[in-house]
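All of the numbers you see were taken from the coordinates with simple rules; none came from a lab. Because the structure is a prediction, the values reported are computed rather than measured.
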Amino acid sequence: MAPMVNPGVPVYKRTRMPAHLRSYRQLKAVGLRPGNATRPDGAWKVQQQDQTVWQWLYDIRQARPYICTTKHALSATGTNR
């Protein structure tokens, strides 16, 4: 069992992370977004210089398509809102 970090999310080592968990950036890179971004399914600790940063992980099986709705993206597709 992985240790817990507040708010009760399991913490994994980068090398022992379950195959179905991805970071937000990893999901976005394949055109997906978290199914529920407010409830991460895991976390891993990243050391950046002298500080610890938590990287939240999300279940790729619950991910949804990433939809960009900025003005620039809409004009590129010819869609007007």
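Quick notes on this structure:
- Partner lysines for Lys13 [C-alpha distance under 28 Å; skip if fewer than 8 residues away on the same chain]: Lys28, Lys45
- Extension reserve of the Thr69-Gln49 stretch, reckoned as 0.36 nm per residue once the Cα distance is removed: 3.7 nm
- 17 Å tail of the calculated P(r), the range 4-77, as % of Cα pairs: 51
- When both bridge partners sit in the range 4-77, DSSP labels roughly 95% of those beta bridges antiparallel.
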